[in-house]
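Inspection log for the structure reproduced underneath, given as structure tokens.
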Amino acid sequence: MADAEPPLTCQRLAVILREEGYPSGSYGIGRRGKYQDQAFVLDRWSSRWVVYYTERGAKTDIRKHVSEDAACRDLLARLRGDVTR
């Protein structure tokens, strides 16, 4: 039986995104202040993890998650273009 994949954390996600060559301006992870225009953001709001797209100061396509793993996988899917509705 194969080992289950460990939960994806923000730290692991940051490494994956660098290794896959995503420009740092195309995404933001955590509370680092302002993000560049036209970026996907993963953040924590109170007890929820959220992923959204920001453009001209507006947050759109906000998705809330109960776990860091789910939020990280959401951000990764959005950047890879693997998002299904």
Any residue that is touching a residue at least 12 places away in the same chain (Cβ under 8 Å) and either polar (S, T, N, Q) or loosely packed, with under 10 Cβ neighbours inside 10 Å (or both) - is there at least one of those in the stretch 27-37?
yes
Look through 43, 74, 69 and report the one residue that is in a helix (DSSP H, G or I), free of Cβ contacts under 8 Å to residues at least 60 places away in the same chain and within 12 Å of the chain's Cα centre (by Cα).
74
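Laboratory data are not the source of any read-out in this text; all were calculated from the coordinates shown. As the structure is a prediction and not an experimental result, all values here were calculated from the model. Glycine gets a Cβ as well: all are built from the backbone with ideal geometry, and neighbour counts include every protein chain shown.
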